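Peer 1: I am attaching a structure below and will ask some questions about it afterwards.
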Amino acid sequence: MQVQGDVMTTNNSTIPMIPPARWLHRLCVLAVCLVWPLIWVGGLVTTYDAGMAVPDWPATYGYNLFLYPYKTWLLGPFDLFIEHGHRLLGAVVGFVTIGIVMAAFVGEPRRWVRWLCVGLLVMVIAQGGLGGMRVVLGDRTLAMVHGCFGPAFFAVCVIAAVVTSRFWWWPPGGTRTAAGKAGARSGGLDNDGSSNAESSQTAPSQNDPSPNDPSPTDPSPTDPSSADPSLCAAGNSIADWPKIGSGIVGIGFALILISYLQLVLGAQLRHVQPTTRPGIFAMIIMMHVMTAFILWGMTALSWWVLRRRGQGNRCGDLTLSRPAASLVGLVALQIGLGIGTWVVNYGWPSILQWVPGSAEFLLRAKGFADSIIVTAHVATGSLILAVAAMLAIRLCRVRSWQGQTGASLSPAVAAATESEIAPVSAPATASS
């Protein structure tokens, strides 16, 4: 496989490509790196019951949000520190999201990605409005909705980072020529506005290998004995990848749904209403525990399928199996944090009375370490949802690559591919 400028050539197919907008991807990654700490701080706000530490909104005790005296903020009460800090960090995420939308409309050729970025902006505005209305109305139900909407925004940020990355544009095992790399750096256009691929359409020299001849450095796609171990270890060859069918893609999206269901159940326990009956509370607890172990089993199944069902030498693809393996570990960590959260809030359960020291344990007001355990349980749940979203969207993309590799694109597919790309730079034809 080779990518020359705006064209990717596989063994039997030629697929039009547009170089990705690198700044858009960087902003999406920045948003991901900011939103998870924002979820941590928001979790601390709920753990310390500091949501009403600042009773007005959008101002802070009558001050503009950005003009509040920093000494009062840093040296004042801790609940004021985390609540005002939560608002400031949320505002920073909002500004980054505005930058994402601007970068998308300037350099992103795919219309659906532009609208995805607009959706991010709508979501962050809605999340800020929910937080403000929770303060103004003092409503615990709005606090629960606010807590459930934040992880969803985090997951969509991760999806945006995936679809704007190089992984989305160039399939593993493909190689980019100098023209293709230059096109990625410059956005696909030369100084005169013409396509880099178009300017590189020169006759091949005698030293250039024929497109039909096997490359001396690339392993044969049909000979497993000639596979490069480094390619296998890095997951760089589509031939080494597991066959992605609709079943494993369905498992990926099921992981998203179950992860989010867990967040909703946990939010109902965390923001329990005074009118909730004990029987309903116990039922939510049982569902939360059972769903946790179901999710753990599904993550293990997805990892096993992705790791062991590879073709040829069965090495699999690390860009898929590693997120699946991390999900197994994260859910195990989450179960442990859930037990710790229960102990901090309600004491040791009867089923764990055999643990040394459980009989002498006394409930007390949450200290800093206790608050970190509870908040880590909340933040890890959001991280599980985000990794599940990344895995599912990567599975969809790999399945798309596998469907396009090995058969020429039909005119209808080619037309559909071109119709979703705005005319930022015209697709170039494959060089002969």
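Peer 1: Considering only residues that are of a type in the set (D, E, K, R) and crowded, with 18+ Cβ neighbours inside 10 Å, which ones fall in the range 63-113?
Peer 2: Hits for the range 63-113 are Glu83, Arg87, Glu108, Arg110.
Peer 1: Can you tell me which residue among Asp49, Asp56 is assigned by TED's automatic domain parsing to the domain that holds Ile82, in a loop (DSSP other than H, G, I, E, B) and under 21 Å from His377 (Cβ atoms)?
Peer 2: Going through Asp49, Asp56 in turn, the sole match is Asp49.
Peer 1: If I ask for residues that are farther than 18 Å from Met133 by Cβ and of a type in the set (Ser, Thr, Tyr), which ones from the range 55-90 would you list?
Peer 2: Result: Tyr61, Tyr63, Tyr68, Tyr70, Thr72.
Peer 1: Same structure again: Taking the stated definitions as given, is Thr341 at pLDDT below 75, assigned to a helix (DSSP H, G or I) and under 28 Å from Phe253 (Cβ atoms)?
Peer 2: Criteria not met by Thr341.
Peer 1: If you don't mind, there's one more thing I want to ask. Condition check: surrounded by 14 or more Cβ atoms within 10 Å (Cβ to Cβ) and either β-branched (Val, Ile, Thr) or modelled with pLDDT of 85 or more (or both). Does Leu306 satisfy that?
Peer 2: The answer is no for Leu306.
Peer 1: Right, another one. Counting only residues that are touching a Cys at 6+ places or on another chain (Cβ under 9 Å) and either at pLDDT 95 or above or among the aromatic types (Phe, Trp, Tyr) (or both), how many does the range 103-116 have?
Peer 2: Of the residues in that region, 1 qualify.
Peer 1: Same structure, new question: What are the pairs, 6+ residues apart or on separate chains, where a residue within the range 103-114 that is closer than 16 Å to Ser165 by Cβ has its Cβ under 8 Å from a residue that is of a type in the set (D, E, K, R) and not in a loop (DSSP other than H, G, I, E, B)?
Peer 2: Ala104/Arg114; Glu108/Arg114
Peer 1: Also, I was wondering about something else. Might you let me know whether the range 93-101 holds any residue that is touching a Leu at 6+ places or on another chain (Cβ under 8 Å) and assigned to a loop (DSSP other than H, G, I, E, B)?
Peer 2: No, there is no match, as no residue in the range 93-101 is touching a Leu at 6+ places or on another chain (Cβ under 8 Å) and assigned to a loop (DSSP other than H, G, I, E, B).
Peer 1: Find all pairs meeting these conditions: Cβ atoms under 9 angstrom apart; at least six residues apart or on different chains; first residue within the range 30-51 and on the phi > 0 side of the Ramachandran plot; second residue at pLDDT below 95.
Peer 2: These pairs meet every condition: Asp49/Asp79.
Listed here are the residues, each with its yes/no results for (1) over 18 Å from Ala267 (Cβ atoms); (2) in a loop (DSSP other than H, G, I, E, B).
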residue: Phe66; (1), (2): yes, yes
residue: Leu89; (1), (2): yes, no
residue: Val106; (1), (2): yes, no
residue: Val118; (1), (2): yes, no
residue: Leu121; (1), (2): yes, no
residue: Phe149; (1), (2): no, no
residue: Phe153; (1), (2): no, no
residue: Ile159; (1), (2): yes, no
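Peer 1: Restricting to the range 270-284, what's the tally of residues that are surrounded by fewer than 16 Cβ atoms within 10 Å (Cβ to Cβ) and either polar (S, T, N, Q) or in a helix (DSSP H, G or I) (or both)?
Peer 2: 9
The values are calculated or read from the model by the stated rules, or taken from the named source; none is laboratory data. Treat the numbers as computed from the prediction; the structure is a model and nothing was measured. Don't worry about glycine lacking a Cβ; one is built from the backbone with ideal geometry, like all the others, and counts go over all protein chains shown.
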